[in-house]
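K.L.:
I'd like to ask some things about the structure below.
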Amino acid sequence: MKFGYIYSRADNNFAGRDEQRFAPEHEDGERVPFRSRPGQVVGGTLLTHEATLDMLYSPTQDVVVGVFMPVFKYGFYSNTVNDYRTRVRRPGDIYLYSGYQLAKGERLGVTLYGKLKVPTSFKYPYTNEAIAGEGQFDASAALGGTYMLRPNLHLNGSMEFKYRFGWLGNGRDPDGLYVDPGEELHMSAGVGYGVASWLWLSAGWSGFNGTPWKIQYYDEEHPIARVERSFHAASIGAYVMFGQWVGMDGWALDMFYKEPITGEDHAVMRSGGVGLAKSF
């Protein structure tokens, strides 16, 4: 079980087709001022704070089940130039998952995962404002693996295909818009190093590429926008195990930071977090 806090901030966008509809001079992936899409308000900053709960249970040696949820999420978008602000306070989307260990050797471990995202927000999702959730169900299959180069040096990687159902607000949008969010392929690769018996450091890359979003009016055959989205970031992390020497056996501190590298039609979102974990 882990209780965590995540802080995210974005004051730029990676330009994509949506930006180019309003400013054609932008190239894909160029860092441009942040924009609130519904109001086309240029500039400003998006901040989010999340209090999270992550629980993992292993009923057998090869099977795990778990749930991850932002039990409280606060998002705040502010543009002082245009005197425009939005905010939201509510739980975030819930992620349910289960995994089965396909291979477990002396050096290699491979696990197959099935995941489901349950939305808690039905707000129109295609926006850079204060979002609590994405507004649609996701079902995905993932494969994750670890290869041990040495007992204290591991290579890690994962690949996940995410099928994204249509936005649950379809049919209720006041502007008559229909949204098909498309599918996404997520990938990650990294290295972990055990500095000491109580300290584990990690570094890597993670990102996704998606098929185009389709946004159209109900009574029209062709979409008014097809938006290709991607986002890639570098990350570092540390896992500190307190151990018996401080009377907290089974407790650990988990920390991470992500720095955006490149993307398309996505917020340049920096994020960091810390979690207090307990094993039973």
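The values are calculated or read from the model by the stated rules, or taken from the named source; none is laboratory data. Predicted model, so just to flag it, every value in this text is computed and none were measured. For neighbour counting, all protein chains shown are included, and Cβ atoms are generated from backbone atoms with ideal geometry for every residue, glycine included.
K.L.:
Going by the structure shown, is residue 211 out of contact with any strand residue (DSSP E or B) (no Cβ under 7 Å at 6 or more places or on another chain), polar (S, T, N, Q) and under 28 Å from residue 6 (Cα atoms)?
P.N.:
yes
K.L.:
What single numbered condition from (1) modelled with pLDDT under 80; (2) within 24 Å of residue 5 (Cβ to Cβ) fails to hold for residue 223?
P.N.:
(2)
K.L.:
Here is a further query. I'm trying to understand the selection: among the residues of region 48-65, which are small (Gly, Ala, Ser) and surrounded by 16 or more Cβ atoms within 10 Å (Cβ to Cβ)?
P.N.:
Step one: of region 48-65, the residues small (Gly, Ala, Ser) are 51, 58.
Within region 48-65, just 51 meets the criteria.
K.L.:
A follow-up question, please. Tell me, which strands (runs of 3 or more DSSP E) wholly within region 139-223 include 1 or more residues that are acidic (Asp, Glu)?
P.N.:
153-164, 177-180, 184-196
K.L.:
Could you check region 120-141 and list, in sequence order, the residues that are at pLDDT 90 or above, in contact with a Gly (Cβ under 8 Å, 6 or more places away or on another chain) and surrounded by 15 or more Cβ atoms within 10 Å (Cβ to Cβ)?
P.N.:
Within region 120-141, 140 is the sole residue that qualifies.
K.L.:
Give all pairs with beta carbons closer than 8 Å in which a residue from region 91-117 that is outside any strand (DSSP E or B) meets a residue that is of a type in the set (Lys, Arg); count only pairs at least 6 apart in sequence or on separate chains.
P.N.:
91/73; 92/73; 93/117
Conditions (1) more than 17 Å from the chain's Cα centre (by Cα); (2) closer than 20 Å to residue 46 by Cβ, marked per residue:
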residue	(1), (2)
191	yes, no
201	yes, no
205	no, no
218	yes, no
229	no, yes
234	no, no
240	yes, no
252	yes, no
273	no, yes
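K.L.:
What are the residues in region 75-86 that are loosely packed, with under 13 Cβ neighbours inside 10 Å and not polar (S, T, N, Q), if any?
P.N.:
Answer for region 75-86, where residues must be loosely packed, with under 13 Cβ neighbours inside 10 Å and not polar (S, T, N, Q): 81, 83.
K.L.:
Could you check residue 238 against (1) touching a strand residue (DSSP E or B) at 6+ places or on another chain (Cβ under 6 Å); (2) closer than 23 Å to residue 68 by Cα; (3) modelled with pLDDT under 90; (4) of a type in the set (A, V, I, L, M, F, W, C) and say which number it fails?
P.N.:
(3)
K.L.:
So, in region 264-275, of the ones that are at pLDDT below 95 and part of a strand (DSSP E or B), which residue ends up surrounded by the fewest Cβ atoms within 10 Å (Cβ to Cβ)?
P.N.:
Per the criteria, the residue is 267.
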